[in-house]
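The structure appears right after this line, and notes come after that.
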Amino acid sequence: AQSVTQLDSQVPVFEEAPVELRCNYSSSVSVYLFWYVQYPNQGLQLLLKYLSGSTLVKGINGFEAEFNKSQTSFHLRKPSVHISDTAEYFCAASLGSSYKLIFGSGTRLLVRP
Amino acid sequence: DVKVTQSSRYLVKRTGEKVFLECVQDMDHENMFWYRQDPGLGLRLIYFSYDVKMKEKGDIPEGYSVSREKKERFSLILESASTNQTSMYLCASSQMTGGPFYEQYFGPGTRLTVT
């Protein structure tokens with residue numbers, strides 16, 4: 001079955017440190033990939049997306065992600081995090097020609113002062 | 001700016017009640033979605049609609065139904081609420097035509113508690 005896996009349920013990190021949130025997908029067909037962020041008591045907001053072209057994708061708030069087809073990964077990175085980055089992050093994939101998204105289980109990023 | 005609104009942020013209902021969750025989008029999107037969000041499970045698709053009066057089951061449709069009478073409005077119905085339907089419900093919308101894939105825009109969510 002096609003799936004999206006976020007191995008880390010929670011990632012604690014100190015302010016101004018770099019962070020990487022991991023995402024792997026399983027698919028034998030073409031894939032579009034997304035990272036969404038959910039701040040407390042809010043809906044999901046798109047951080048960045050990969051549809052085609054350059055494998056390094058830059059998004060809002062200083063985040064970037066790299067699509068690696070051979071490793072079926074789409075890890076999210078930020079070189080220096082802020083307290084305000086504390087939120088839950090969801091990786092999602094659209095597989096083949098489907099309009100639907102498959103979501104990972106989410107990673108809670110906890111930024112400490 | 002795309003706006004997706006949901007009728008309630010918090011809702012408390014009793015077991016057996018019929019519950020309506022309403023979602024409205026203002027960007028003329030063809031696609032609308034209802035998800036359920038539970039800790040450790042991410043978002044799971046309940047139902048999807050690609051046009052007025054058209055619907056498609058998602059991954060967990062049991063116990064739910066939907067209605068889309070107008071393009072901008074998509075309702076989720078719990079015919080007889082049960083405690084295992086206590087959850088956060090998120091509505092989303094997206095375009096359909098003209099590109100490989102369009103992002104989904106989400107509403108703020110409705111936290112439903114069934115007692």
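Worth a mention:
- Interface of B with A. Using a 1.4 Å probe and counting protein heavy atoms only, the two chains hide about 1800 Å² of accessible surface, both sides summed.
- Separation in nanometres of the label points that stand 7 Å from Cα toward Cβ, at A:Gln71 and B:Asp51: 4.3 nm
- In this structure the range B:1-65 gives 55 Å² per residue of accessible area when probed at 1.4 Å with all protein chains present.
- Exposure of A:Leu110 as accessible area (Å², to 10), given a probe of 1.4 Å and all protein chains: 60 Å²
- Pairs of alpha carbons in the range B:4-114 whose separation is greater than 23 Å (percent): 21 percent
- Site pair A:Ala17 and B:Asp26 shows an inter-label distance of 4.2 nm when each label is modelled 7 Å from Cα along Cα→Cβ.
- Largest to smallest accessible area among A:His82, B:His29, A:His75 [probe 1.4 Å]: A:His82, A:His75, B:His29
- B:Leu41-A:Asn41 FRET efficiency (beta carbon distance; Förster radius 30 Å; 0.05 resolution): 0.95
- ³J(HN,Hα), Karplus 6.51/-1.76/1.60, whole Hz, each residue of the range B:4-9, x for Gly, Pro: 10, 10, 10, 5, 9, 8
- Point-to-point label distance, B:Thr115-A:Arg112, nm (Cα→Cβ direction, 7 Å offset): 3.7 nm
- Among beta bridges identified by DSSP and lying wholly in the range A:3-112, the antiparallel ones come to about 85 percent.
- Contact order normalised by residue count of the range A:22-97, Cα under 8 Å, 6+ apart, percent: 41 percent
- For the cross-link pairs B:Lys18/B:Lys71; A:Lys58/B:Lys57; B:Lys18/B:Lys57; A:Lys49/B:Lys3, the ones whose C-alpha atoms lie over 25 Å apart are A:Lys58/B:Lys57.
- Whole-number Å³ per residue for the convex hull built on Cα positions in chain A: 99 Å³
- Just the protein heavy atoms count here, and of the accessible area of the protein assembly as shown at 1.4 Å, carbon and sulfur take up 50 percent.
- Rolling a 1.4 Å probe over the protein heavy atoms leaves B:Thr110 with an accessible area of roughly 0 Å².
The values are calculated or read from the model by the stated rules, or taken from the named source; none is laboratory data. Nothing here was measured: the structure is a model prediction, and the numbers come from that model. Positions of Cβ are backbone-derived with ideal geometry, glycine not excepted, and every protein chain shown enters the neighbour counts. Ligands, DNA and RNA are stripped out before the accessible areas are found, and what is left, the full protein with its side chains, is counted by its heavy atoms. Shrake-Rupley method; radii C 1.70, N 1.55, O 1.52, S 1.80 Å.
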